[in-house]
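Please read the structure below before turning to the comments.
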Amino acid sequence: MTDSDNKRLLAALAANLQAEMEGHYTYSALAKRENDPQRRNAFRGLAAAEKHHAGLWAGRILELGGQVPQYTGSESGQAESLATRIGGADLALRRLEIDEGRDIAKYGKQLKALGDEPSIAILKEVIADEREHYQTLGNLIRSRRPLPAMSPEQAQEELDSLLNARKKVIRKRQVGLAMPSTA
């Protein structure tokens, strides 16, 4: 990889990290405002997933010899935007649903453009998660009750279980990428 290619890749990954951190802060802020415990847990889960994605990008940036950028956005993400203040939570959720769809498309384009297998592996994981986020937001918009009743402790256990399973998959991928080729 040329120095120019590496700089281009690092810039794309830094932008991805910024977008994921903005999502994390947006969903965290929405969770803090939400009175319904099930919806609050849904927002917390979305926030945790976005932070996890940012961590994946940060790790890849370090592997490529780059420096992890500081998040430069608002600590409330997009939660304080004009559409949120004027249109309320439902409009904000619709906008976030559209944003998740745009993220899926953006990451889909990067699958072809980045040319870096470890980054592509991360993209595939993130795209799958973003599709789930899109569905979760749709459920929040339409039903206002997307999750079964569970305590915050149960929700945290479920989230921890999902994150641990994801970590195992990532480790397997990393081991598979590190193995020498037998060709």
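Residue pairs whose Cβ atoms lie under 7 Å apart, separated by 6 or more positions or on different chains, with the first residue in segment 102-120 and β-branched (Val, Ile, Thr) and the second open to solvent by less than 30 Å² (accessible area, probe 1.4 Å) and assigned to a helix (DSSP H, G or I), are ILE104/ILE127; ILE104/GLU130. Within segment 132-146, how many residues are without any contact (Cβ under 8 Å) to a residue 60 or more places away in the chain and in contact with a Gly (Cβ under 9 Å, 6 or more places away or on another chain)? Number of matching residues: 1. Quick check: is even one residue across segment 16-24 of a type in the set (A, V, I, L, M) and either farther than 22 Å from ALA121 by Cα or outside any helix (DSSP H, G or I) (or both)? Checked against the condition, which is being of a type in the set (A, V, I, L, M) and either farther than 22 Å from ALA121 by Cα or outside any helix (DSSP H, G or I) (or both), segment 16-24 yields no hits at all.
Of everything listed in (1) open to solvent by 40 Å² or more (accessible area, probe 1.4 Å); (2) at pLDDT 90 or above; (3) assigned to a helix (DSSP H, G or I), the single unmet condition for SER161 is (2).
Within segment 45-75, take every residue that is assigned to a loop (DSSP other than H, G, I, E, B) and small (Gly, Ala, Ser) and give me the one that is farthest from ALA31 (Cα to Cα). The selected residue is GLY65.
For segment 113-133, the tally of residues that are open to solvent by 50 Å² or more (accessible area, probe 1.4 Å), over 12 Å from ALA12 (Cβ atoms) and not acidic (Asp, Glu) stands at 2. Of all residues in segment 76-89, those satisfying the criterion of being open to solvent by 30 Å² or more (accessible area, probe 1.4 Å) and assigned to a helix (DSSP H, G or I) are LEU82, ALA83, ARG85, ILE86, GLY87, ALA89.
Among the conditions (1) surrounded by fewer than 20 Cβ atoms within 10 Å (Cβ to Cβ); (2) modelled with pLDDT of 90 or more, HIS24 misses just one, which is (1).
Residues in segment 51-63 that are out of contact with any Ser or Thr (no Cβ under 8 Å at 6 or more places or on another chain), touching a residue at least 40 places away in the same chain (Cβ under 8 Å) and open to solvent by less than 30 Å² (accessible area, probe 1.4 Å): HIS53, LEU56, TRP57, ALA58, ILE61. Please work out if ARG85 is charged (D, E, K, R) and modelled with pLDDT under 95. Yes; evaluated as a whole, the condition is true for this residue. Number of residues in segment 30-42 that are under 15 Å from the mean Cα position of the chain (by Cα) and surrounded by fewer than 22 Cβ atoms within 10 Å (Cβ to Cβ) equals 0.
The values are calculated or read from the model by the stated rules, or taken from the named source; none is laboratory data. All figures in this text were calculated on a predicted structure; none of them were measured in a lab. When we count neighbours, we look across all protein chains shown, and the Cβ atoms used for this are built from the backbone with ideal geometry, even at glycine. Calculation scope for accessible area: heavy atoms of the full protein, side chains included, ligands and nucleic acids excluded. Shrake-Rupley method; radii C 1.70, N 1.55, O 1.52, S 1.80 Å.
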